[in-house]
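Structure, as structure tokens:
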Amino acid sequence: MNDKHITIAIDGPGGAGKSTVADAVAEKLGILHLDTGAMYRAFAFQALSEGISPDDEQGLSELAGRIEMDIAFENGAQRTIVNGKDVSDSIRTPEISFAASTCSKAGAVRRRMVGMQQALAKTRSMILDGRDIGTKVLTGATLKVYLTATPEERAKRRYEQLLQNGQKADYRNVLADVVARDHQDSTRAIDPLRPAEDAVIVDSTDFTQAQTVQAVLKLLEARV
Ligand code: DC
């Protein structure tokens, strides 16, 4: 990788493999991967632990004004720290997935998270994955990818991931969660999930992870 400052935006629905692919691309290029979903999850985690409902816009707005969130990278791996506590391992539950999606509708929450993400991406070359990276956070990104897969395939991947992590899961419930979160993320008023006009749509339904990573690297080659 040369010294040119580059930014890569990977957006798409939950379970499309954005985070895993972004990790692999970041490692290949020797740049950092910022998982912006982890930030919304950490925010939701803090809201729930303070008894603030993800639907309480005023409570969320007040929390957005005072929450302390730090992103650290340990050997390239992101740690998300809220009010001094590393919550990275506590935010990967179905409950937090949905609460993060609901909290992320609030304007004050989005403004705070987007501001942090933009400040981080200015400091060095990065790949960011999320829902609004290409449309809001990094509108001038070197490469924008919209990574998607069918809801059934995404539910299958999530389901297998939950089992692997030793959590209980029922495929039908996972699929219902995937569909509900897609709906909530793509119909919210502020910066909903949608491909940027200049994003390349990559459908990973029939791709292995390695094939998806190759596809992204190839798209980048054409742009740097
Ligand atoms: O990528 P994820 O599943 O960890 O994201 C959790 C939720 O956070 C997602 O359902 C919507 C929200 N989110 C967002 O609104 N904008 C982002 N850039 C990333 C996530």
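Computed from the coordinates by the stated procedures, all read-outs in this text should not be read as laboratory data. Quantities reported herein were computed from a predicted structural model and do not represent experimental measurements. Cβ sites come from the backbone with ideal geometry, for glycine too, and all protein chains shown count toward neighbours.
Tabulated results
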read-out: Cβ-Cβ under 6 Å pairs, at least 6 apart or on other chains, segment 92-103 side more than 16 Å from Y159 (Cβ to Cβ), far side within 8 Å of the ligand (Cβ to nearest atom) and among the polar types (S, T, N, Q); value: S101/Q184
read-out: Selection from segment 113-155 of residues that are under 24 Å from D55 (Cα atoms) and more than 12 Å from the ligand (Cβ to nearest atom); value: G115
read-out: Out of A77, A44, sole residue that is in contact with a Cys (Cβ under 8 Å, 6 or more places away or on another chain) and small (G, A, S); value: A44
read-out: Residue among G140, G134 that alone is assigned to a helix (DSSP H, G or I) and closer than 18 Å to I10 by Cα; value: G134
read-out: Segment 169-185, subset out of contact with any helix residue (DSSP H, G or I) (no Cβ under 6 Å at 6 or more places or on another chain) and either of a type in the set (A, V, I, L, M) or outside any helix (DSSP H, G or I) (or both), residue surrounded by the fewest Cβ atoms within 10 Å (Cβ to Cβ); value: D170
read-out: Output for segment 192-218, where each listed residue is surrounded by 19 or more Cβ atoms within 10 Å (Cβ to Cβ) and either part of a loop (DSSP other than H, G, I, E, B) or within 12 Å of the ligand (Cβ to nearest atom) (or both); value: L193, A196, A199, S204
read-out: Residues that are surrounded by fewer than 18 Cβ atoms within 10 Å (Cβ to Cβ), free of Cβ contacts under 8 Å to residues at least 40 places away in the same chain and not in a loop (DSSP other than H, G, I, E, B), drawn from segment 20-69; value: S49, Q58, G59, E62, R66
read-out: The lone exception for R92 - which of (1) under 23 Å from D56 (Cα atoms); (2) within 9 Å of the ligand (Cβ to nearest atom); (3) surrounded by 19 or more Cβ atoms within 10 Å (Cβ to Cβ) it fails; value: (3)
read-out: Qualifying residues in segment 97-108 (those that are closer than 14 Å to Q184 by Cβ and more than 7 Å from the ligand (Cβ to nearest atom)) - the one surrounded by the most Cβ atoms within 10 Å (Cβ to Cβ); value: C103
